[in-house]
Amino acid sequence: MMNHSGDGQKRNSAMGLYDTIKIKCLCPVCRTENPIFFQTKSLDNKLQILTPGDRISEFDDDYDFLELVGICKSKKCMDNDPDGHGTIIRAKIRLRNGIITNDLFDVTTVGVNNDESQ
Ligand SMILES: [Zn+2]
């Protein structure tokens with residue numbers, strides 16, 4: 001028998017669950033560095049919020065980075081986006097011995113000319 005809490009609705013059901021990693025990131029578009037809440041689906045997807053220095057218990061040596069997706073919501077990036085949501089940023093973050101580092105790499109944006117649905 002499932003033991004669901006009587007929440008009544010499935011939040012985030014459209015996107016699925018994820019975890020969040022909060023880290024400062026230099027946006028490639030607006031060139032500002034601000035804290036961005038990146039989502040990753042590589043972990044437990046329990047909606048936990050992690051920051052550099054946190055240990056990821058379920059991954060050890062075989063997992064040396066996580067793939068992240070976040071949004072820069074600076075004024076410039078909000079103005080750039082026709083929909084006003086900001087700039088979508090993809091990045092990877094290095095893990096060391098299962099601990100999140102500050103080492104962001106492969107920081108790219110998903111612009112209008114980069115339709116990944118094809
Ligand atoms: Zn930006």
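Number of residues in segment 72-95 that are in contact with a helix residue (DSSP H, G or I) (Cβ under 8 Å, 6 or more places away or on another chain) and either more than 9 Å from the ligand (Cβ to nearest atom) or small (Gly, Ala, Ser) (or both): the value is 3.
Filter segment 30-45 down to residues that are among the polar types (S, T, N, Q) and in a loop (DSSP other than H, G, I, E, B) and give me whichever is surrounded by the most Cβ atoms within 10 Å (Cβ to Cβ).
Restricting to residues being among the polar types (S, T, N, Q) and in a loop (DSSP other than H, G, I, E, B), the top hit is Ser42.
Only the coordinates and a few stated rules stand behind these numbers; no lab work does. Please read all numbers here as calculations on a predicted model, not as lab measurements. In this analysis, Cβ positions are derived from the backbone assuming ideal geometry, glycine residues included, and neighbour counts consider all displayed protein chains.
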